[in-house]
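The values are calculated or read from the model by the stated rules, or taken from the named source; none is laboratory data. Bear in mind the structure is a predicted one, so any value in this text is a computation, not a measurement. With ideal geometry, Cβ positions are generated from the backbone for all residues, glycine too; neighbour counts draw on all protein chains shown. Only protein heavy atoms, including side chains, enter the accessible area calculation; ligands, DNA and RNA are left aside. Shrake-Rupley method; radii C 1.70, N 1.55, O 1.52, S 1.80 Å.
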Amino acid sequence: MNDIDLLIKNLLKHAQRPEWIDLFHGVQGEYLTFAGALMELDPDPFAELIETQGWWPNLFGLVFEDFMARPLESAPAVNFALAYLKRAGWRETPHARRYLQALAESQPSLYEVLEVKPDEGLLLQDRLNDREPVWVMEKAATHGMNRWDLLYARIVRPMPGEEAILTGGVLRFTPAEGSELLAMIETMRGEHPEGTEVPRLALMAFAHWILRASAQLLDIPVILNREGHELLFCEARIPLRILPKAAEQRLDAAKTWTRHEPGEPIWQRVAAPTTRHGFDALDEQGRMLIASLTLEGRHLLLNTNSEERLQQALGELTTLLGHDAMGKPAVKRTRLDAIRESASHAEPGEPEIPDEEFQSMQKDFMDRHYRRVLRERIPMLDDKTPRMALRTKSGRKKVIEWLKVIENSAQAQGYDASWMWAELGLANTEIGIEPVENRPAATDEIDARSSGTSVEP
């Protein structure tokens, strides 16, 4: 156990003393009452929810550090941390005392992750104060952080010239969650004089983390296509009661079905794209592939990605070919999670794609996907394409925020989408950071070493 770990252990023990325990419970109760009220839960059942979901280890560091650094109205020192230094600091190492002194004088902020170097550290940009990005020494947290994540954190330098480090009370937010929190803070900033600190930033971050984690408990991920249908891969094998040549002629005469390639017995049903996000294959003109149809001997093989499209296509084919032209289709339906599950469990003896070839195929697929995304109208950009949105100052800001979300999401899938910045002419952008208006005056850089960095909800 190093000196900082021992210091934290001693601080936790000291907080249990009669003169401090009620005060600590009061601070803890403030968090539970505030966040519980937002969820319409009383403190006791809310505390039980946090305990049963295993969230408390993530949140405790924030609450305890706020308790340690919070100004006190009547106490033997300005705050608990300095009171401990005065009474029992003699038993800590000089380095640990400097650490606690820095923490006692620290203020938390919201930091955007600009760069991650595994097992080395993070480059962070303060989004609430006009400061230069700061490099923090960190090992464990680098494995759970992605570029453009937002961190509630305290940063301290125990001694001038030492590397900045994170304290243990860190909460991580995805770019989208962080944008929500920053918007809340901007609103509060407008209600307070310029130069003042953000009121109860720790309390706001605590409540926002809980609300996001709670929402995910109720989130049953449903993947949709662009028409809003639940994704369901449907394959219908339809026996023909007419000659294949007759079916071919009727399909060629139809206006709604077109041959994929001249001479090939494959037809497609396409439609103009919607602005809705969703999973759909697009042709070279950017049209959605609604259904595909293949003539195989005396059968038609129909494929769609939803039950609704399957029934629509079957109805069209019945009208087009004739009520007596088709037998009863044999339909196979497959959900996306079943495909993922089968892909992760290859049958014994089944040949596997070499890793390098699979990675190359995956990269090629992702490249084509994100290049197509750059041509689409994006709801987050007011239903404009990224290049259209870049024509205005406000649109440029939205594109930058959108790119952060896209890059962060792609990174989670093991894909590097950073090339999109250069593709849109933003490669030399100063990271797109535009700090919140009415910033408070910069305070000394703060904070300490991670005794346990939180994970995302």
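Before moving on, here are some points about what is shown:
Here's the yes/no breakdown for (1) over 36 Å from the mean Cα position of the chain (by Cα); (2) buried (at least 17 other Cβ atoms within 10 Å of the Cβ); (3) assigned to a helix (DSSP H, G or I); (4) not hydroxyl-bearing (Ser, Thr, Tyr):
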site: Leu32; (1), (2), (3), (4): no, yes, yes, yes
site: Glu40; (1), (2), (3), (4): no, no, no, yes
site: Phe46; (1), (2), (3), (4): no, yes, yes, yes
site: Gly54; (1), (2), (3), (4): no, no, no, yes
site: Gly61; (1), (2), (3), (4): no, yes, yes, yes
site: Phe64; (1), (2), (3), (4): no, yes, yes, yes
site: Phe67; (1), (2), (3), (4): no, yes, yes, yes
site: Pro71; (1), (2), (3), (4): no, no, no, yes
site: Tyr84; (1), (2), (3), (4): yes, yes, yes, no
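- Some residue of segment 159-182 being among the small types (Gly, Ala, Ser), open to solvent by less than 10 Å² (accessible area, probe 1.4 Å), touching a Leu at 6+ places or on another chain (Cβ under 7 Å) and outside any helix (DSSP H, G or I): yes
- Residue count, segment 293-338 (criterion: hydroxyl-bearing (Ser, Thr, Tyr) and under 19 Å from Thr258 (Cα atoms)): 4
- Any hit, segment 8-28, residues being at positive phi and either loosely packed, with under 11 Cβ neighbours inside 10 Å or within 28 Å of the chain's Cα centre (by Cα) (or both): no
- Top-ranked residue in segment 130-151 [being buried (at least 16 other Cβ atoms within 10 Å of the Cβ) and among the aliphatic types (A, V, I, L, M); ranked as modelled with the lowest pLDDT]: Ala141
- Within segment 367-387, considering residues that are in contact with a Leu (Cβ under 8 Å, 6 or more places away or on another chain) and in a helix (DSSP H, G or I), the one surrounded by the most Cβ atoms within 10 Å (Cβ to Cβ): Pro386
- Residue that is modelled with the highest pLDDT [pool: residues in segment 218-233 that are hydrophobic (A, V, I, L, M, F, W, C) and open to solvent by less than 30 Å² (accessible area, probe 1.4 Å)]: Leu232
- Only a single criterion out of (1) at pLDDT 90 or above; (2) of a type in the set (Gly, Ala, Ser); (3) part of a loop (DSSP other than H, G, I, E, B) is not satisfied by Gly286, namely (1).
- Pairs with Cβ under 8 Å, 6+ apart, first in segment 132-151 and β-branched (Val, Ile, Thr), second part of a loop (DSSP other than H, G, I, E, B): Val134/Glu445; Val136/Glu163; Thr142/Pro118; Thr142/Asp119; Thr142/Glu120
- Pairs with Cβ under 7 Å, 6+ apart, first in segment 240-255 and over 15 Å from Leu293 (Cβ atoms), second of a type in the set (D, E, K, R) and surrounded by fewer than 13 Cβ atoms within 10 Å (Cβ to Cβ): Arg241/Asp324
- In the set (1) open to solvent by less than 50 Å² (accessible area, probe 1.4 Å); (2) of a type in the set (S, T, N, Q); (3) at pLDDT 85 or above, the condition left unmet by Ser214 is number (3).
- Only a single item in (1) over 18 Å from Leu182 (Cα atoms); (2) in contact (Cβ under 8 Å) with a residue 60 or more places away in the chain; (3) assigned to a strand (DSSP E or B) is not met by Gln125, and it is number (1).
- Which numbered condition Leu114 fails, given (1) of a type outside the set (Val, Ile, Thr); (2) under 18 Å from Ala164 (Cα atoms); (3) part of a helix (DSSP H, G or I); (4) within 32 Å of the chain's Cα centre (by Cα): (3)
- Residues of segment 100-126 that are crowded, with 22+ Cβ neighbours inside 10 Å and among the basic types (Lys, Arg): none at all.
- Selection within segment 402-433: residues that are in a helix (DSSP H, G or I), open to solvent by 20 Å² or more (accessible area, probe 1.4 Å) and at pLDDT below 85. The member of this set that is nearest to Ala176 (Cα to Cα) is Val405.
- Residue in segment 133-145 that is assigned to a loop (DSSP other than H, G, I, E, B) and under 18 Å from the mean Cα position of the chain (by Cα) present: yes
- Options Ala281, Ala236, Ala247, Ala271; residue that is modelled with pLDDT under 90 and closer than 18 Å to Gly315 by Cβ: Ala271
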